[in-house]
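To start, the structure itself, in structure tokens.
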Amino acid sequence: MKKDLIRVDELLTEEEILIRNSVKEFVKQKINPIIEENFRSGNFPLHIVKDLAGLGLLGAYLNGYECAGINNVSYGLALQELEYGDSGIRSFCSVQTSLVMWAIMEYGSEEQKSYWIPKMAKGETIGCFGLTEPDYGSDPGSMVTKAQEDGNYWIINGSKMWITNGSIADVAVVWANSKKGIKGFLVEKSSPGFSTRDIKGKFSLRASVTSELIFEDCRVHRDNMLPKAKGLRAPLSCLNQARYGIAWGALGAAFACYETALEYSKSRIQFGKPIASFQLVQNKLVWMLNEIVKGQLLALRTGRMKDEGKASHVLISLAKRNNVEIALEVCRMARDILGASGITDEYPVARHMLNLESVKTYEGTHDIHTLIIGEDITGIESFR
Ligand code: TGC
Ligand code: FAD
């Protein structure tokens with residue numbers, strides 16, 4: 001950021017700065033020139049998957065199995081830069097890394113890890129994560145997708161909704177209820193009884209694939225069950241990893257909008273003066289910068305604590321909740337400062353603003369995170 005009051009680089013290692021800067025350059029060269037067109041046409045730029053793999057970003061913070069093994073702060077900085085480009089690009093990386101590769105690493109057998117993770121790190125195989133159902137979003141514990149044992153197979157029936165990467169994925173991590181409680185399965189694209197349908201008409205995350213997953217007597221070999229995943233705790237633990245990344249990513253979208261609004265306000269003349277000279281406009285720009293700086297410190301501290309194994313899921317909820325909220329407000333203010341120009345895709349502002357409406361909802365809505373934190377500080381659960 002041009003006005004870096006906290007001198008953030010002084011809080012980072014050389015390696016962290018190097019990783020952030022190389023992703024920044026990648027976004028400048030490869031994402032910014034194409035993203036508006038992808039957003040317009042409603043397509044994910046599939047060709048960049050290999051580039052993301054080349055940068056070591058897929059499974060970046062995992063160790064072994066051909067993953068880069070960078071720390072959580074470096075990974076967060078990388079996601080910040082990806083989302084400076086577009087939330088859809090960051091979403092792809094989040095799902096592949098935190099919801100699929102991490103899930104396999106944490107809950108998979110040795111065979112599952114050695115088979116899937118290297119291919120996913122190289123971008124040869126794409127994954128998706130199916131937890132949400134048409135009737136159960138915030139309340140995944142009530143899921144109705146069922147898995148029944150049948151000899152060496154499990155038979156899955158039900159559906160999953162709003163699944164990022166759904167139809168482009170080679171493998172889906174699918175959570176289903178069974179007589180033995182909630183279990184996780186690696187459902188390959190070719191599994192009999194498995195199909196996908198893309199969700200069209202989105203105003204948000206248009207450069208990302210969002211699908212329904214349908215299971216009609218879908219047969220999955222028992223070797224494809226995640227053996228160490230037991231109960232709702234397993235999918236919720238995957239969410240912690242992804243929510244952490246979103247806390248950083250949202251700042252990237254906020255930076256893009258803040259910088260756009262600042263530049264615009266200095267060159268847009270009204271009443272004979274740049275609009276940046278009006279106190280009301282300066283007030284908005286100051287609010288934006290102020291909240292971004294606080295968000296940076298929160299993300300960085302959460303990352304440092306995560307690297308030390310000390311970041312609780314409540315802290316991660318707080319970081320996701322705060323940073324997405326302020327980023328969305330920054331985008332809305334930037335849209336306002338740009339006046340009518342703010343509604344076109346000549347500027348990235350409306351695109352980021354619309355994307356963040358999804359980011360506010362997915363990985364636990366803003367209000368669900370309020371309740372997670374509320375429960376922690378009062379000791380009283382208020383979901384039900
Ligand atoms: P509850 O009884 O509280 O918990 C069940 C068990 O899980 C444990 N637990 C956690 N463990 C690890 N991490 C967490 N964050 C955890 N939260 C809870 C808990 O201790 C308990 O363990 P045990 O051993 O006692 O059984 O469950 P609940 O049914 O009351 O639900 C709690 C609630 C509402 C917080 C939770 O269900 C929730 O987080 N809901 C929001 C759902 C959500 O975030 N869905 C996201 C779907 S994936 C997605 O959106 C991907 S977007 C991808 C992209 O494009 O980036
Ligand atoms: P609901 O749960 O129906 O919530 C609706 C409203 O009610 C919200 O405002 C919510 O805060 C509020 N509410 C709900 N319960 C309470 C309560 N107890 N107290 C107060 N308020 C409450 N899911 C996946 O599994 N995998 C994915 O890859 C994935 N990708 C997604 C991509 C996109 C673009 C989007 C939009 C969603 C994606 N999701 C994914 C789904 C996402 O996780 C859910 O949308 C989210 O968890 C909320 O569920 P819901 O939409 O059913 O809303």
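Values quoted throughout were computed directly from the atomic coordinates according to the rules given, and no laboratory measurement underlies them. Predicted, not measured: the structure shown is a model, and the values here were computed from it. Positions of Cβ are backbone-derived with ideal geometry, glycine not excepted, and every protein chain shown enters the neighbour counts.
Cβ crowding within 10 Å, taken as a proxy for footprinting-reagent exposure, orders Val349, Val27 from fewest neighbours to most as Val27, Val349.
Cross-link candidates for Lys28: which lysines have Cα within less than 21 Å, leaving aside residues fewer than 8 places away along the same chain? Cα-Cα hits under 21 Å: Lys2, Lys3, Lys50. Projecting label points 7 angstrom from Cα along Cα→Cβ for Leu297 and Arg268 puts them 3.0 nm apart. The ranking of Phe129, Phe26 by Cβ neighbour count inside 10 Å, starting from the fewest, reads Phe26, Phe129. Inter-label distance, Ser341 to Asp307: 3.9 nm, where each label sits 7 Å from its Cα along the C-beta direction. For Lys30, the aspartates and glutamates whose Cα falls under 14 Å of its own Cα, not counting residues fewer than eight places away in the same chain, are Asp51, Glu81, Glu83, Asp86.
Mean-square fluctuations from a GNM of the chain, with a 10 angstrom spring cutoff on Cα atoms, peak among Glu216, Glu325, Glu36 at Glu216. Rounded to the nearest 10 degrees, the inclination of helix 110-121 to the longest alpha-carbon principal axis of the chain is 30 degrees.
Could you compute the net charge surrounding Thr132? Neighbours are other residues with a C-beta less than 11 Å from the C-beta of Thr132; K and R count +1, D and E count -1. So the surrounding residues net to -4. Taking the C-alpha atoms only, the angle from helix 349-361 to the longest principal axis of the chain is near 40 degrees. Take every DSSP beta bridge whose two residues both sit in segment 131-214; close to 95 percent of them are antiparallel.
Neighbours of Thr196, meaning other residues whose beta-carbon lies under 15 angstrom from its beta-carbon, give a summed charge of -2 when Lys and Arg score +1 and Asp and Glu score -1. When only the Cβ of Lys, Arg, Asp and Glu is charged (+1, +1, -1, -1), the dipole of segment 99-235 relative to its Cα centre reaches about 240 debye.
Comparing Leu371, Leu52, Leu99 in a Gaussian network model of the chain where C-alpha atoms under 10 Å apart are linked, the largest mean-square fluctuation is found at Leu371.
Distance between the 7 Å Cα→Cβ label points at Asn32 and Glu15: 2.8 nm. Please give the Cα centre distance for segment 47-90 versus segment 356-378, rounded to the nearest Å. For segment 47-90 versus segment 356-378, the Cα centre distance is 25 Å. Think of each Lys and Arg Cβ as +1 and each Asp and Glu Cβ as -1; about the Cα centre, that makes the dipole of the chain roughly 400 debye.
Annotation: lysines with alpha-carbon distance below 19 angstrom to Lys146 (same-chain offsets under eight excluded): Lys160, Lys179, Lys180, Lys183, Lys189, Lys228, Lys230.
Counting other Cβ atoms within 10 Å as a rough exposure proxy, the listed residues Arg332, Arg351, Arg222 run Arg222, Arg332, Arg351 from fewest neighbours to most.
Could you give the angle, 0 to 90 degrees to the nearest 10, between helix 14-26's Cα long axis and the longest principal axis of the Cα atoms of the chain? For 14-26 against the chain, the angle is about 90 degrees.
Calculated mean residue ellipticity at 222 nm for the chain: -16000 deg cm²/dmol, from DSSP H runs with n ≥ 4 weighted as -39500 (n - 2.57), summed, divided by the residue count and rounded to 500. Mean-square fluctuations from a GNM of the chain, with a 10 angstrom spring cutoff on Cα atoms, peak among Val100, Val281, Val209 at Val281.
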